[in-house]
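What follows is a set of notes on a single structure, which appears directly below.
The values are calculated or read from the model by the stated rules, or taken from the named source; none is laboratory data. Nothing here was measured: the structure is a model prediction, and the numbers come from that model. A quick note on method: Cβ atoms are made from the backbone with ideal geometry, for glycine too, and the neighbour counts reach across all protein chains shown. Protein only, heavy atoms only, side chains kept; ligands, DNA and RNA dropped before computing areas. Shrake-Rupley method; radii C 1.70, N 1.55, O 1.52, S 1.80 Å.
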Amino acid sequence: MMSYHSCCGEDELSKLSKEEVPNHMLGVDDYYFCPLNLEDMEKVRHAIYMFVDLFGLTRFEKDCLIRFTLTVKKNYRRVPYHNWTHGFSVANSMYTIIKHSPKTFRPLECLALFIGSLCHDLDHRGKNNKFMLETESPLAAIYTTSTLEHHHFNQTVTILQQEGHNIFGKLTSNEYKQVLGNIKHCILATDLAMFFPNKAKLVKLVEENQFDWENPEHRLLIEAIAMTACDLCASAKPWDVQVETVKVIFEEFYEQGDAEKAVGKSPIPMMDRTKTDEQASSQVGFLSGICIPCYELLHKLIPNTEPLLAGCKSNLETWKNIASEKKTKAREEEEEEGEETDTGIEEVNDDEDEDGEETVEEIDDDCIDSRDNGDNK
């Protein structure tokens, strides 16, 4: 019964099976391609096109590919951000990297990277790993590290095992084992906790001029960084796409914050919907601390990914300007409030006895200390 409800509908399959896969789709291989204007079924068509464009249909069955893609779409939940649109966007970003640097990854690596990207957030619940652990989610009891990422891979395998869904059915046993293992590596790499050690290892290799494309471990590291880069691709899109994506990202954050409040926990400011003014500064920290270092490293090893780095840098500057304006406005409002408070205190002090009373300066200091403590909670 669960298998029946998690699989695509036969009417959708029948409709797409009658359609020819186009020979070309305009703009889909552009790093700045916008997925937001596509309906969900159009994303399916684009995903099928990208797969066929990269790998052809000689070793893959069209109906099986269509069925697999439709079921992948169905198994993304309707959460604000980690939904089918995000899964498609990450796959599209990986497709673009492969298209612009066709000799970088080997055929089976490309297959794992693309399918891993398409499936990397299957059945995401809109909450992060920390929330899963703290709320004692059943998933956290099964997977103690990279909880969601292990679940996403498990969902991928589950779909492949459904009747008529195994797109790798024509691969040899060794090829199948290699691709499946590589897909697991790629999906687990999207856990941001894994990005930092992966980056440190790769940076060391690059700085010491020790990176070797023939070394399997080194290739796994660049695959991992490429997965992170694609997962963060919204940070490199044109500003109108970036800002729309950030809206849904924060809505998902706020929903988690609401859930944390409901069980008596205090969410971090980024997930507190009463602190929307901190969005810009949060983005500055995220882009400068994670996205830019990721794209810089990727660019050193795969030079044709430069548009990702350039797009992210442009968005970072815009977020910095917004954050600066908000900070200036907040300071001006604070000063205005301070002036009003000072006037009130001075008037009160004029009427009070001088002996044993606090000075205006002392009261101001207490107010400032109290305000600072409140900001830092």
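Side notes on the structure shown:
- Count of residues meeting criterion [under 20 Å from residue 190 (Cα atoms) and open to solvent by 30 Å² or more (accessible area, probe 1.4 Å)] in the range 55-74: 1
- Within the range 75-97, residues that are within 11 Å of residue 33 (Cβ to Cβ) and surrounded by 24 or more Cβ atoms within 10 Å (Cβ to Cβ) sit with their Cβ atoms under 8 Å from residues that are at pLDDT 95 or above and β-branched (Val, Ile, Thr), at 6+ positions apart or across chains, in these pairs: 92/28; 95/28.
- Between 285, 257, the distinction of being open to solvent by less than 50 Å² (accessible area, probe 1.4 Å), closer than 20 Å to residue 199 by Cα and free of Cβ contacts under 8 Å to residues at least 40 places away in the same chain belongs to 285 only.
- The criterion of being surrounded by 14 or more Cβ atoms within 10 Å (Cβ to Cβ) and part of a helix (DSSP H, G or I) does not hold for residue 38.
- Candidate set from the range 190-226 (those that are open to solvent by less than 50 Å² (accessible area, probe 1.4 Å) and without any contact (Cβ under 8 Å) to a residue 60 or more places away in the chain); member that is nearest to residue 111 (Cα to Cα): 224
- Filter result for residue 52 (surrounded by 14 or more Cβ atoms within 10 Å (Cβ to Cβ) and either touching a residue at least 60 places away in the same chain (Cβ under 8 Å) or in contact with a Lys or Arg (Cβ under 6 Å, 6 or more places away or on another chain) (or both)): no
- Residue match in the range 299-315 (condition: open to solvent by 20 Å² or more (accessible area, probe 1.4 Å) and either small (Gly, Ala, Ser) or at pLDDT below 95 (or both)): yes
- Test: residue in the range 257-277 that is of a type in the set (Gly, Ala, Ser), touching a Ser or Thr at 6+ places or on another chain (Cβ under 6 Å) and more than 30 Å from residue 210 (Cβ to Cβ): no
- Any hit, the range 229-246, residues being surrounded by fewer than 18 Cβ atoms within 10 Å (Cβ to Cβ), within 30 Å of residue 109 (Cα to Cα) and either at pLDDT 95 or above or in contact with a Phe, Trp or Tyr (Cβ under 7 Å, 6 or more places away or on another chain) (or both): yes
- Applying the condition of being within 20 Å of residue 52 (Cα to Cα), polar (S, T, N, Q) and in contact (Cβ under 8 Å) with a residue 40 or more places away in the chain to the range 145-181 and asking which residue is most open to solvent (accessible area, probe 1.4 Å) yields 166.
- So residue 155, is it touching a Cys at 6+ places or on another chain (Cβ under 9 Å) and under 27 Å from residue 62 (Cβ atoms): yes
- On the stretch given as the range 107-144, residues that are open to solvent by 10 Å² or more (accessible area, probe 1.4 Å), in contact (Cβ under 8 Å) with a residue 40 or more places away in the chain and of a type in the set (Ser, Thr, Tyr) total 1.
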